[in-house]
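Q: Mind having a look at this structure? Questions to follow.
Please treat every number below as a calculation from the coordinates, not as lab data. In this text the structure is predicted, and so the values were computed from the model without any measurement. Don't worry about glycine lacking a Cβ; one is built from the backbone with ideal geometry, like all the others, and counts go over all protein chains shown.
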């Protein structure tokens, strides 16, 4: 049974501290793990050639966690891992800050690499988060990135 | 039938409210809500019923929570 932790929080995060804490709390006794794959997504100061000063993330509480969990379960049934940690920021985020952390642990690298990538791609295309940007010129706009239609 | 409707992101701003209650005896599916809804939704609107992705043809029961929102942009 994999250890899965999904957190959505408005507090700025250090991905590396979260990883360390997760390993200490959940994986300290598991000496069979030989691989950990990590993706961290950070906020950029530029989008569509405009300078972005802040980004505000909104989500659908409850559905977001449930949708990510569904995604994680589907991926790890194909690429079994020992653990998965996902932490996503909401609220106001500044350029350079970490927006999202996705990490997986497994005995060998293949499973953790694949699971990490597929879980993250699934999160991007199906988890109900929305980004709103405040530009340096004062304009405010929703990010309308084309995403795959997530209907089942 | 009583349905709770939620709107998120740009759709919430367009509606001016985050949530409303919909009462109608003439509702069987999500498509019926869309048809009776005062404001038309953009073509790329996504739908969930009880926090699971759904279709216009998804059947509803009284007490269900239906949400309408634009394409997601997390990560």
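Q: Could you put B:1, B:39, A:63 in order, starting from the residue whose Cβ has the fewest other Cβ atoms within 10 Å?
A: In increasing order of surrounding Cβ atoms, one gets B:39, B:1, A:63.
Q: Working from Cα positions, state the angle (0 to 90°, nearest 10) between the long axis of helix A:63-78 and the longest principal axis of chain A.
A: It is inclined by approximately 40 degrees.
Q: What FRET efficiency would be calculated for the residue pair residue A:44, residue B:29, taking the C-beta separation as r and a Förster radius of 41 Å, to the nearest 0.05? Provide the component values of the computation, followed by the final result.
A: On the way: r = 41 Å, r/R0 = 1.00.
FRET efficiency, residue A:44 to residue B:29: 0.50.
Q: Could you work out the percent of alpha carbon pairs in chain A separated by over 27 Å, rounded to a whole number? Mind showing how you got there, number by number?
A: Details: 2886 of 11476 pairs.
Beyond 27 Å sits 25 percent of the P(r) for chain A.
Q: Please report, in whole Å³, the volume per residue of the convex hull around the C-alpha atoms of region B:2-69.
A: Cα convex hull per residue, to the nearest whole number: 79 Å³.
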